[in-house]
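Please treat every number below as a calculation from the coordinates, not as lab data. Since the structure is predicted, the reported quantities are computational estimates derived from the model, not experimental observations. Glycine gets a Cβ as well: all are built from the backbone with ideal geometry, and neighbour counts include every protein chain shown.
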Amino acid sequence: MKGNPLLRLVIVLLVLAAVLWPVCRLTMHRVALQAMEPLSVTKKTNESAPSGASEASIQEKRPTLSVTLLLHAAPSPQHCLITQAGRKLLTEKDQISPGEYRTAVEMAKGEDLLISADWGDEEPHALRLEVLVHGFQPPLEKSFWGKKSIEDSLPIPASFLP
């Protein structure tokens, strides 16, 4: 590319400046919407609930999904547990084959899944959790890595399908 280096620098800076404003507007608009969304959801649940209502009764009113939880582990853990809001969804009793666990459950939207598993050795271990909603693709999935134990969460967005 031939030409004056100073002129090329000015042209590049002008192009970047022209792109800067639309990019900033798009990214700032999304951040503002995400910041406002939890406040509006909290306000609606507080307005709709009676003053003496407990958090458990509010949680029961949340929309639910019929899902299949698939947990793949390498190697199989001694203990594994997936809970949502204190309710057990999957345990080591749901094992279908070595390293594979499956259960069909009703799950609340907008609540995180808490995953915990432990092994008897200090070797590296991996888990992959898949949340399958029948008739909809792709599944929600996340992989977890750890040594002796794994404790992590998988957020289930309130906007998750049906």
Can you list the residues of region 111-145 with backbone N under 15 Å from a point 7 Å past the Cα of His79, pointing along Cα to Cβ? 115-121
Over all distinct alpha-carbon pairs, what is the Kirkwood Rh of region 58-154 in angstrom? 13.7
If we sort 71-77, 83-89 on the protection proxy, mean other Cβ atoms within 10 Å, highest first, what's the order? 71-77, 83-89
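With charges only on Cβ, +1 for K and R and -1 for D and E, what is the dipole size of region 58-162 about its Cα centre, in debye, rounded to 20?
Numbers: 11 positive and 15 negative charges, 76 e Å.
Charge dipole of region 58-162: 360 debye, to the nearest 20.
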Full extension between Met28 and Thr64 adds, at 0.36 nm per residue less the Cα distance, a length in nm of 9.8 nm
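Find out how many positive minus negative residues lie around Trp119, taking Lys and Arg as positive, Asp and Glu as negative, among other residues whose Cβ is under 14 Å from that of Trp119.
Details: positive: Lys147, Lys148; negative: Glu92, Asp118, Asp121, Glu122, Glu123, Glu151.
Neighbour charge sum, excluding Trp119 itself: -4.
What is the Å³ per residue value for the convex hull set by the Cα atoms of region 108-162?
Details: hull volume 4.1 nm³, N = 55.
Per-residue hull volume (Cα only) is 75 Å³.
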